[in-house]
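The numbers here are math on the coordinates, done by the rules we state, and not lab data. These figures come from a predicted structure and were not determined experimentally. With ideal geometry, Cβ positions are generated from the backbone for all residues, glycine too; neighbour counts draw on all protein chains shown.
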C-alpha cells in the first residue's frame, strides 16, 4: 500500500490533496493519505496546467497565448461591436470586467462532455490561480446570463443560483430595459430578435419527429429537442400557466420560435 502511495507522489494529481510522511524503525520513508503516529503532513501541489491570457474578445470568449480560443461554458454575455455585429447593452461592460479580472493572471481550464463547439473553440469553465470560477463570477455580477447547453451540465445548480441572486439584486443586465421581459404582443410590433425574455401562456403542445413545440400562439412557439425531453418536468405542467422563456428569438416568414435546451430557460411566473 505504502509503495503505491509513494508512486502517487511523482504523478501529477488533479486536486489539492494532503498526504502524510513518516520514517519507520528500519529508516524507510512511508506515505499515506491518512494520519499516522509520528507522521508529518506533506503538501502535494496540484497537477493542474495553467495558461496565460493573450486577448479577451468579449465577456465569454478569450484567447490563450498558445493560440487556443476558449468559449466559457454555461453562460452568455451581450455582444460587443464586430464587423458583422453591433454592440448590445452590457457587452462592453462584461468585456472590461473580464479584462481587468484576468490581467496578469493565469487560468486553468475545466472541460465538460463536449470539448469544442462548432467553431472549433475550446469549451471550458475557467478558474484563476486563486480559485475564482470566472463563469460563475460573471453571472454573479449580472454581466452574463445562464446558457446551459446539454450535454454540458457541470456547475448547472451553481450557475442558476448565481443568476437568481443577480436578478433579484437587479445587477448588470437585469437592470437594463433592453432585457426586461416582453409580452408576446411586442414581438411582431417591434421586430424583436436576439436574446430575449418573453412572457406568455402555453396553450398547446405539438410533437414532430425531432422537436416538441410549446405553442404560445399560432405564430410563436418554444422548441425542445425530443432527445432533451428527459431534462424537463412533465411538459404538460407548463400548460395554461404564465411563464417567461429566455433565449434567442428566430423568425421565419411570419412565425417566431425560441429553442429551449434546458429547463433553466423557462421561469414560472
Residues (outside any strand (DSSP E or B), touching a helix residue (DSSP H, G or I) at 6+ places or on another chain (Cβ under 8 Å) and within 22 Å of residue 75 (Cβ to Cβ)) located in region 216-269: 231, 232, 261, 262, 263, 264
Whichever residue in region 222-250 is within 17 Å of residue 196 (Cβ to Cβ) and in contact (Cβ under 8 Å) with a residue 60 or more places away in the chain and, among such residues, is surrounded by the most Cβ atoms within 10 Å (Cβ to Cβ): 246
Every residue from region 68-115 that is in contact with a helix residue (DSSP H, G or I) (Cβ under 8 Å, 6 or more places away or on another chain), outside any strand (DSSP E or B) and within 24 Å of residue 264 (Cα to Cα): 73, 74, 77, 78, 79, 88, 89, 90, 94
Hits in region 48-67 (condition: free of Cβ contacts under 8 Å to residues at least 40 places away in the same chain and in a loop (DSSP other than H, G, I, E, B)): 65, 66, 67
Among (1) touching a residue at least 12 places away in the same chain (Cβ under 8 Å); (2) surrounded by fewer than 21 Cβ atoms within 10 Å (Cβ to Cβ); (3) not in a strand (DSSP E or B), the one test that residue 127 misses: (3)
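Looking at this structure, is residue 170 in a loop (DSSP other than H, G, I, E, B), within 22 Å of residue 138 (Cβ to Cβ) and within 25 Å of the chain's Cα centre (by Cα)?
It is true that residue 170 is in a loop (DSSP other than H, G, I, E, B), within 22 Å of residue 138 (Cβ to Cβ) and within 25 Å of the chain's Cα centre (by Cα).
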Test: residue 94 is in contact with a strand residue (DSSP E or B) (Cβ under 9 Å, 6 or more places away or on another chain) and closer than 20 Å to residue 170 by Cβ: yes
